[in-house]
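The values are calculated or read from the model by the stated rules, or taken from the named source; none is laboratory data. Just so we're clear, the structure is a prediction, and the values are computed from it rather than from any experiment. Don't worry about glycine lacking a Cβ; one is built from the backbone with ideal geometry, like all the others, and counts go over all protein chains shown. Protein only, heavy atoms only, side chains kept; ligands, DNA and RNA dropped before computing areas. Shrake-Rupley method; radii C 1.70, N 1.55, O 1.52, S 1.80 Å.
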Amino acid sequence: TPRTPGSVVKILTAVSVLQAIGPSTRIVTTAHYDPATSTIVLVGAGDPSLSSMSAEGSSLAVLADGVLAAADGPGAGASVQLAYDTSLFSGPVLGIGWSADYPATGVAAPVSPLVVDDARIPGGEARQPDPALAAANVFADLLTQRGLSVGAPQPGRVGAARQIAATRSVPLSALVQRMLTDSNND
C-alpha cells in the first residue's frame, strides 16, 4: 500500500529550508497600523513557535507591547479594529493524505502562517480549527489588557498600514532542531 513517508519528508524539508534560507534566519511576525481606519493588522509569517506569552523567541505579548510603545501607533485607550493577514500561504489547510480528524486528535494543526501556542486548544491536545483566528483572538485579548478597545478580529490585508512592531523567532536552526527532535508534524 503506497504511503507518504512522513518523517523522511521532515528530514528533506529540514535540509531544504536550511540550505534555501540559512540556519540563522529568524521568522518575523509583524503588526501594522493604519491611522486612517484605526486598524491594526497582525501579519503571519509562518512562525511555528509563536507564543502567547513573553518567551525566548517570538511572542504575541512582546508584539502587543511593541504596538503600544510605537510612536506612530494607537495611543493607550484608543479604539481599534483588528485584522489578521494570512496571505503568505495558499492552498489546502490539510496536507495531502492527512486525515480530516488530525486537528481534533492533536496530530497536526491546519496549515496557516499565523499560529500561536502550537494551535493547541487550552487544556488538551486538540488543535484549533482556525489557527489564525485563534491567534488573532489572543492578540486582541493582549491588546485589550494593555488598554486598547479592540473590535472582533477579521481577516484582512496590510494595505496602507505601516509596520509598527515586530517579534522574531529563534534562529531557523533551532526551529528545525525542534521539528526533528519532537517529530513535529506542523
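Quick notes
- Under a Gaussian network description of the chain, with springs only between Cα atoms under 10 Å, the residue in Val17, Val107, Val170 that fluctuates furthest is Val17.
- Estimated 222 nm signal from helices in the chain, with DSSP H stretches of n ≥ 4 weighted -39500 (n - 2.57), rounded to 500: -9000 deg cm²/dmol
- Normalised by 2.2 N^0.38 Å, where N is the number of residues, the alpha-carbon radius of gyration of the stretch 61-117 equals 1.64.
- Seen against the Cα atoms of the chain and their longest principal axis, helix 172-182 is set at about 50 degrees.
- Neighbourhood net charge (15 Å Cβ-Cβ; Lys/Arg +1, Asp/Glu -1) for Ala61: -3
- To put it simply, the accessible area of the chain at a 1.4 Å probe is 56 percent carbon and sulfur.
- Only one residue of Pro35, Val62, Ala119 has its Cα farthest out toward the positive end of the dipole of the stretch 30-186, where Lys and Arg carry +1 and Asp and Glu -1 on Cβ, and that residue is Pro35.
- Over the stretch 1-138, Cα pairs under 8 Å with separation of 6+ residues give a relative contact order of 21 percent.
- Amide H contacts under 5 Å for Ala165, placed H, 5+ residues apart: Ala31
- The phi-based Karplus calculation (6.51 cos²θ - 1.76 cosθ + 1.60; θ = phi - 60°) puts the 3J(HN,Hα) values of the stretch 77-85 at x, 5, 9, 9, 9, 10, 10, 10, 10 Hz, whole numbers, x for Gly and Pro.
- Probe 1.4 Å, accessible area per residue of the stretch 2-68, Å²: 50
- Distances between placed amide hydrogens fall under 5 Å for Tyr84 paired with Leu42, Gln154, Gly156, all partners being 5 or more residues away or on another chain.
- Gly106 long-range amide H proximity, modeled H, under 5 Å: Arg127
- Structure-derived semi-axes √(5λ) of the Cα gyration tensor in Å: which label, when the choices are [x] 34, 19, 11; [y] 31, 18, 14; [z] 53, 13, 12: [y]
- Looking at the chain, the DSSP beta bridges with both ends there are about 55 percent antiparallel.
- On Cα atoms only, tilt of 131-145 relative to the major axis of the chain in degrees: 30
- Fluctuation leader among Gly97, Gly151, Gly46 - the chain, Gaussian network, Cα springs under 10 angstrom: Gly97
- Counted over all Cα-Cα pairs of the stretch 37-144, pairs farther apart than 25 Å make up 24 percent.
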